Amino acid sequence: MDPIRVIRGMRDLLPEQTRWWRWMEQRLDGVMDRYGYAEIRTPVLEHTGLFARSIGQETDIVAKEMYTFADRDGSSLSLRPEGTAAVVRSFIENNLGKKEPLHRLFYRGPMFRHERPQKGRYRQFYQLGAELFGSAHPSADVEIIEVAVGCLQAIGLTDFSLELNTQGCPVCRPGYREQLTAYLREHERQLCTDCRRRLASNPLRVLDCKQAACTAVAEAAPHLLDHACDDCRQQFDQVRAGLEKLGIGGRLNHRMVRGLDYYNRTTFELLAAGLGAQNAVAGGGRYDGLVESMGGIPTPAVGFAAGLDRIVLLLEQQVAEPERPPLLFIAAQPGYWLETLPLLQQLRQAGFTAVNDVRQGSFKSQLKRADRLGARLVLLLGQDEIEQGTVTIKDMQAPSDSERKQWQVERGGLLQEIGGFLER
Ligand code: HAM
């Protein structure tokens, strides 16, 4: 019978990879703690309407990429393609803004988009996201960008750049959209078929098309910043001043439009070298109208999400391997396995990583297994050791068995001996 395989665009993360993930996640959680962000966990399934109303019916994510199906009662459900919509739903549903308007929340987990799979682009991928509710002040935008940058720095990544833009607001965007549409209509014949369609539905997305002919048209297109109202322009200037003050800087990219409709004012992306086409490792921005449009009390907000799969790809290329805790392996002469149990218990209670060979084969096969597992020390329990109340410690550092040093210690002094030896 043919074995069943994993779904296209989805993947297993095996121990060789999860080592990196766990190392990274610990550090990223540390960043969230230091900036005062508390974790929120929402379900992976939501009513389809949540995403259609927040991300936008016309966006690629909602129109083409969602995993949507009918529940048993016929209602339409979707696997979440991103985290912001659900956090906003939960913020409203749990009345979080009623007592205290300011909330710093973060989340981590799988998201699902039916995109064309390639390096760094998967149909199930993982995001770490942060959302800051309750402030329209530019200092909130600066904080969110600082957190995003801080995440990359905390795991030792340095080769990335920040791009910034403003999406305007309901006051200035309609005028800009008209200007842009008029300009694009003049060049309609040069645009790809997708962009000709976008011209009517979402002309700003033409700015972001990767087709060479469209890029040329987009390069000469009017800039939103030149048509922004005074409030939007001032906000943007102050965000940039804050970033300068922190030494973060950032490059203005007039053509950056994000693939989600809820943004206004500041938007940003962090781009990393070494990833090929899928070089955005994080993206976000301000979404002041979303909470209200989803039925909540008006609450300005700003947030970002980082793509953890892409970050792990970079870590594997750029950062020294995360250290594993030293492994202690207990090998016992056949017939003595019961004697290994209290020893293992004692070692684990003291915080060591300790295993034995639960196949309980010959002494020789146990030692081979210890070698394959990369044990740092093997603790040998034979008849002599058990009769004398001792343990033989074998240092596995040397490559060949003849060079490996071993010595005997009293059971009572074992923990101290191992602790002292590993610290050396
Ligand atoms: P986004 O730009 O769609 O924003 O996604 C954020 C990050 O998720 C991207 O920069 C990328 O690293 C990663 N990502 C997206 N799609 C994939 C994929 N198919 N495979 C691997 N990684 C992927 C959002 O999702 C917004 N919710 C961010 C936000 C939060 N804005 C405000 N608050």
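The values are calculated or read from the model by the stated rules, or taken from the named source; none is laboratory data. Computed from a predicted model, the values in this text were never measured in an experiment. All Cβ positions, glycine included, derive from the backbone under ideal geometry; neighbour counts span all protein chains shown. The protein model used for the area step is the full one, side chains on, heavy atoms only, and it has no ligands, DNA or RNA in it. Shrake-Rupley method; radii C 1.70, N 1.55, O 1.52, S 1.80 Å.
How large is the convex hull of the C-alpha atoms of the chain per residue, in Å³?
220 Å³
Go ahead and run the numbers for FRET between residue 358 and residue 114, Cβ-Cβ distance against an R0 of 51 Å, rounding to 0.05.
0.75
The range 220-240 to the range 4-78: how many Å between their Cα centroids?
Rounded to whole Å, the Cα centres lie 32 Å apart.
Carbon and sulfur together cover what percent of the accessible area of the range 1-68 at a 1.4 Å probe radius?
Heavy-atom surface of the range 1-68 belonging to carbon and sulfur, 1.4 Å probe: 52 percent.
Could you sort 316-324, 158-166, 21-29, 304-312 so that the peptide with the highest average Cβ count within 10 Å comes first and the rest follow in order?
Final packing ranking: 304-312, 158-166, 21-29, 316-324.
Would you look at the GNM of the chain, springs on alpha carbons closer than 10 Å, and say which of 76, 90, 139 moves the most?
Most flexible of the set in this elastic network: 76.
Using the alpha carbon gyration tensor of the range 139-198, what are the three equivalent-ellipsoid semi-axes (square root of 5 times each eigenvalue), largest first, in whole Å? The partial results should precede the final answer.
On the way: eigenvalues 252, 66, 12 Å².
That gives 35, 18, 8 Å for the three semi-axes.
How much of the DSSP beta bridge set in the chain is antiparallel, as a percent to the nearest 5?
Working: 51 of 64 bridges.
The antiparallel fraction comes to roughly 80 percent.
Rounded to the nearest 5, what % of the DSSP beta bridges within the range 303-424 are antiparallel ones?
So the antiparallel bridges in the range 303-424 amount to around 50 percent.
If I build a Gaussian network model for the chain, linking alpha-carbon pairs within less than 10 angstrom, which residue out of 220, 63, 354 has the largest mean-square fluctuation?
Taking springs between Cα atoms under 10 Å, the residue moving most is 354.
What is the gain in length, in nm to one decimal, between residue 45 and residue 6 on full extension, counting 0.36 nm per residue of separation less the C-alpha to C-alpha distance? Write down the numbers at each step before the final one.
Details: separation 39, 0.36 × 39 = 14.04 nm, distance 2.04 nm.
Full extension of this stretch gives 12.0 nm more.
Taking 7 Å along the Cα-to-C-beta vector as the label spot, tell me the residue 408-residue 321 distance in nanometres, rounded to one decimal.
Here the answer is 3.5 nm between the modelled labels.
Along the range 197-212, what does the Karplus equation 6.51 cos²θ - 1.76 cosθ + 1.60 (θ = phi - 60°) give for ³J(HN,Hα), rounded to whole Hz, x for Gly and Pro?
5, 4, 3, 7, 8, 7, x, 4, 5, 4, 4, 9, 5, 8, 5, 4
Between 39, 115, 16, find the one with the highest GNM mean-square fluctuation for the chain; connect C-alpha pairs within less than 10 Å.
Residue with maximal mean-square fluctuation among 39, 115, 16: 16.
Just the number, please: Stokes-Einstein D of the range 305-413 in µm²/s, Kirkwood Rh from C-alpha pairs, 37 °C, 0.692 mPa s.
Using the Kirkwood radius from Cα pairs, D works out to 211 µm²/s.
With an 8 Å Cα cut-off and a minimum separation of 6 or more residues, compute the relative contact order for the range 165-230 in percent.
46 percent
Per DSSP H run of n ≥ 4, the term is -39500 (n - 2.57); total these for the chain, divide by its residue number, and report the mean residue ellipticity at 222 nm rounded to 500 deg cm²/dmol.
-11500 deg cm²/dmol, from helical runs alone.
Would you work out what percent of the accessible area of the range 327-423, with all protein chains in place, is carbon or sulfur (probe 1.4 Å)? Present the calculation step by step, with values, prior to reporting the outcome.
Values: 2630 of 5460 Å².
Reported share for carbon and sulfur atoms: 48 percent.
Assuming 0.36 nm per residue, please report the length gained on full extension of the stretch residue 67 to residue 345 beyond their Cα-Cα distance.
Values: separation 278, 0.36 × 278 = 100.08 nm, distance 4.62 nm.
Between residue 67 and residue 345, full extension yields 95.5 nm more.
Near residue 250, within a Cβ-to-Cβ distance under 13 Å, what is the net charge of the other residues, with Lys and Arg +1 and Asp and Glu -1?
-3
So what is the relative contact order for the range 327-423, in percent, with contacts set as C-alpha pairs under 8 Å and at least six apart?
In percent, rounded to a whole number, it is 26.
Please work out the ratio of the alpha-carbon Rg of the range 152-279 to 2.2 N^0.38 Å and round it to two decimals.
After normalising by residue count via 2.2 N^0.38 Å, the value is 1.14.
Rolling a 1.4 Å sphere over the protein heavy atoms, what is the accessible area per residue of the chain, to the nearest Å²?
Working: 21540 Å² over 424 residues.
Heavy-atom SASA per residue in the chain reads 51 Å².
Simple spin-label model, 7 Å along Cα-to-Cβ: residue 231 to residue 202 in nm?
2.5 nm
Pulled fully out, how much extra length does the chain show between residue 398 and residue 254, if you take 0.36 nm times their separation in residues and subtract their Cα-Cα distance? Write out the running numbers ahead of the final one.
Working: separation 144, 0.36 × 144 = 51.84 nm, distance 5.84 nm.
Gain on stretching residue 398 to residue 254: 46.0 nm.
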